[in-house]
Amino acid sequence: MTDVRLRSSMEVQRGLFMAESFNVIQRAMDSGCAPRSFLMSQKWVEQFAPLFTRFPDVPVFVGEESLLESLTGFHLHRGALAAMQRPEMPAASELLEGARTVAVLENIVDHTNVGAMFRSAAALDVDAVLVTPQCADPLYRRSIRVSMGTVFQVPWTRLGAWPHAHHPPGEETAHDGVDLLHDAGFDVLALALSDGAVALDQVDLSPGRKVAFVLGAEGHGLAHATLQAVDQHVVIPMSGQVDSLNVAAASAVVFWQRRAASGIR
Ligand SMILES: C[S@@+](CC[C@H](N)C(=O)[O-])C[C@H]1O[C@@H](n2cnc3c(N)ncnc32)[C@H](O)[C@@H]1O
């Protein structure tokens, strides 16, 4: 349970994710995720009883806290874990139907940033989130926790292909995520610090325009192929000789600007 790399590959492969704490487990179940098993100490059993009755055949393992700690490798201060069935990922084209504001998370590696971006997306009226093939897992424990469970609320899926998805230059998959967004009528806006990028407050974000905001990885920013494929580069002007914002902070700024331009109060 404490090996991030092992969990990141194993959980996806085996079609499961781990939910921790009553609120998160309840939220996941309310969003349609089915539990495979529960693990907790005795003191939580009563509170969980209504959840157990929804899935009477799912095993509930109950043990002393010290045993739980030795099994999981960490102190379960929120008391309970559930192994949950990973939901089927919808097709991106399905998510884009009816959406007007979309965020694309390109290869974000930090689960904290992924979770924070989902939280902002939920709060600031983003209709769907697309994560690129290499992006960290929104259903990893820390992403779920930092998102405050909004990974179960905001519609999202993982793209099968993206310009940067480790294809050598010139060998990008033809029908990748950018094409998909264009086909669905979206203008694709890269949040980038490139020369010539348009300042955010000068960009037309009126509700008539369907927009997809692409946000890049913490270290290198957006891939060259992405910067070439998008319609517009957008920069959030900064002062104080700071070279960039944290990507989750940048996402909140741009989502808010879109929300304000859409007249949402
Ligand atoms: C920490 S930044 C990466 C910085 C990287 N050195 C670069 O030049 O892009 C991570 C991501 O946050 C977004 N970002 C951060 N600050 C921004 C700003 N002032 N304007 C637009 N996007 C920004 C971009 O999408 C960027 O790829």
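The relative contact order of the stretch 11-72 comes to 33 percent, based on Cα pairs under 8 Å that sit 6 or more residues apart. Note on S239, S120, S262: ascending count of other Cβ atoms within 10 Å places them as S239, S262, S120, the fewest first.
Dipole magnitude for the stretch 1-139: about 120 debye, using +1 per Lys or Arg Cβ and -1 per Asp or Glu Cβ, origin at the Cα centre.
Placing unit charges on each Cβ (+1 for Lys and Arg, -1 for Asp and Glu) gives the stretch 92-261 a dipole about its Cα centre, and among T150, V214, A252 the Cα reaching farthest toward its positive end belongs to T150. Between L39, L189, F118, whose Cα lies farthest towards the positive end of the dipole of the chain when Lys and Arg beta carbons carry +1 and Asp and Glu beta carbons carry -1, centred on the Cα centre? Toward the positive end, the furthest listed residue is L39. Where a ≥ b ≥ c are the square roots of the eigenvalues of the C-alpha gyration tensor, would you call the stretch 92-261 rounded, which needs a/c under 1.5, or, failing that, prolate if a/b is larger than b/c, or oblate? Verdict is rounded for the stretch 92-261. Fewest-first ordering of H182, H75 by other beta carbons within 10 Å of each residue's beta carbon gives H75, H182.
Over the chain, DSSP H runs of length four or greater, each weighted -39,500 (n - 2.57), average out per residue to a 222 nm ellipticity of -9500 deg cm²/dmol.
Inter-part distance, the stretch 1-65 to the stretch 189-207, computed on C-alpha centroids, equals 42 Å. What do you get for GluC sites (Glu not before Pro) in the stretch 1-84 restricted to DSSP loop and a cutoff of at most 15 other Cβ within 10 Å of the site's Cβ? The qualifying sites are E64. Sites listed here are GluC sites (Glu not before Pro) in the stretch 167-265 whose DSSP assignment is loop and whose Cβ has at most 16 other Cβ atoms within 10 Å: E171, E218. Dipole size of the chain about its Cα centre, with +1 on Lys/Arg Cβ and -1 on Asp/Glu Cβ: approximately 820 debye, rounded to the nearest 20. Give me D125, D201 sorted ascending by neighbouring Cβ count inside 10 Å, so fewest comes first. Least to most surrounded, the residues fall as D201, D125. Between the listed residues P50, L67, A19, the Cα displaced farthest toward the positive end of the dipole of the stretch 1-82, a dipole computed from Cβ unit charges relative to the Cα centre, is found at A19. So, counting K/R as plus one and D/E as minus one, what does the shell of residues with Cβ under 10 Å around T132 add up to? So the environment of T132 carries a net charge of -1.
FYI, it's all coordinate maths here, none of it is from the lab. In this text the structure is predicted, and so the values were computed from the model without any measurement. Cβ atoms come from the backbone with ideal geometry, glycine included; neighbour counts cover every protein chain shown.
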